[in-house]
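Data first, discussion second: the structure below is written as structure tokens.
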Amino acid sequence: MRELQSRGVAFDLDADGEIELSLEGGHTCRRIAHSGGSQTGREVTAKLAAMVAAEPRIEVRERASATALWSDGDRCHGMLTETGPIRATATVLATGGAAALWRRTTNPWGAIGAGPVVASAAGADLADLEFCQFHPTALARPGTPFDGRLITEAVRGEGATLLDASGRRFTDELAPRDAVSRAILDRMEADGTDSVRLDLRGIDPERFPNVFESLAEAGLDPRSEPVPVAPTAHFTVGGVAVDLDCRSSVRGLYAVGECSCTGLHGANRLASNSLIECFVFGERAAAAALAEGPADAPPSEPPEWRFEPPTEATRDAVWRLAGPVRRPEQLRELLAEPYPLAAAIATSALERRESRGGHLRTDFPNLDPELDNVHIVLGPDGETRRESWD
């Protein structure tokens, strides 16, 4: 945090000028730094963009979408884009997650798992694809552009409560996200509703201005009445399998952040740990990529495969067939989806015959101790294997 402050990132400070720490789900003490209440990502990326723009050695190619990795299956030689190939000794994927592959999501449309898809096509292993974290408190406004809009967990850390149809509090709001999501799903089923209520009436609007502004934009007044919320796809734990320097199984190819799978998050990410993961592993990946040795000349002919985004039908199918609660017959149906990551998620979810973290199966509702510390790794040939990572 001190390093980020030295680079101009402004964190919320307490009366003594120290970083103000908040409490979030799954944590037992205040350890999360914020900027502008819940605008930390915007603050960090804005300062990063300014630093990149000011660095003459960095060439930014806007509107140059990646279409494939330039790989022979053993070595990555760069990337193919809509505006031509880019040859590179080391290629680092930082494409974000895949939660927008589910129709109901807190994520922007671009979070469709493009990184793992292009990496797998280039010969890389993927891991832990069965684990998708469903955020407990996303706005429930079906049929509107506001459906799935995130209401930050930080408000629950400051005292917001979850209420059932009768107005009764029914769970520990600061339990890990999978536990809170399951409690909400159970309560929705028992009450016959499509949402529960989040009570923010005791929260100071000045503490989370963007939350209250967002809800007002959706036509809600959280100062006078609780707002409807329900779980929605939020964070994909799995991705490109990498080591502690973010190396994939393909030489010269690295992955950082939500498109990668370091194993750090286990089966269900703790709130805000993903940002810390990016800071730590981004630095590791940069150092390792700079030290990458020279490669032979790339293949004379680039691969024929090109990335195609998922359709709306695929997004509907993933939400319906691999949502917060999973059934084997539905997962098998998802195997037929043309978007590679949708079928890969189904394959991994069928292989993990238990319920753990962000993966809940109706036919295997309990945790299986035999699968402790076991990762489901999916090879580029579509075959799964089980690995224990030190």
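The values are calculated or read from the model by the stated rules, or taken from the named source; none is laboratory data. Predicted model, so just to flag it, every value in this text is computed and none were measured. All Cβ positions, even for glycine, are placed from backbone atoms using ideal geometry, and neighbour counts span all protein chains on display.
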* Asked: In segment 158-173, what residues are aliphatic (A, V, I, L, M) and part of a strand (DSSP E or B)?
  -> Leu162, Leu163
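Rundown of residues vs (1) in a helix (DSSP H, G or I); (2) more than 30 Å from Pro226 (Cβ to Cβ); (3) modelled with pLDDT under 95, yes/no style:
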site: Gly115; (1), (2), (3): yes, yes, no
site: Ala124; (1), (2), (3): no, yes, no
site: Leu129; (1), (2), (3): no, yes, no
site: Phe134; (1), (2), (3): no, no, yes
site: Gly148; (1), (2), (3): no, no, yes
site: Arg156; (1), (2), (3): yes, no, yes
* Residues in segment 191-217 that are over 13 Å from Arg149 (Cβ atoms) and part of a helix (DSSP H, G or I): how many? -> 2
* When residues of segment 236-266 are limited to those that are among the aliphatic types (A, V, I, L, M), under 25 Å from Thr105 (Cβ atoms) and at pLDDT 95 or above, the one nearest to the chain's Cα centre (by Cα) -> Val237
* Mind telling me which of the residues Gly25, Gly17, Gly73, Gly96 ends up being within 27 Å of Arg315 (Cβ to Cβ), at pLDDT 90 or above and in a loop (DSSP other than H, G, I, E, B)? => Gly96
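Any chance you could count how many residues in segment 136-145 are hydroxyl-bearing (Ser, Thr, Tyr) and in a strand (DSSP E or B)?
Quick first cut of segment 136-145, residues hydroxyl-bearing (Ser, Thr, Tyr) only: 137, 144.
Add one more test, that the residue is in a strand (DSSP E or B), and what stays is 137.
Number satisfying all stated conditions: 1.
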* Does segment 329-352 contain at least one residue that is crowded, with 18+ Cβ neighbours inside 10 Å, in contact (Cβ under 8 Å) with a residue 12 or more places away in the chain, of a type in the set (S, T, N, Q) and over 24 Å from Val117 (Cα atoms)? -> no
* To do: Give Ala216, Ala267, Ala271 a once-over and let me know the one that is more than 20 Å from Ile32 (Cα to Cα) and in the same structural domain as Ala100 (by TED's automatic domain parsing).
  => Ala267
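Is it the case, given these coordinates, that Gly323 is at pLDDT below 95 and buried (at least 17 other Cβ atoms within 10 Å of the Cβ)?
On the way: at pLDDT below 95: yes; buried (at least 17 other Cβ atoms within 10 Å of the Cβ): yes.
So Gly323 passes the test.
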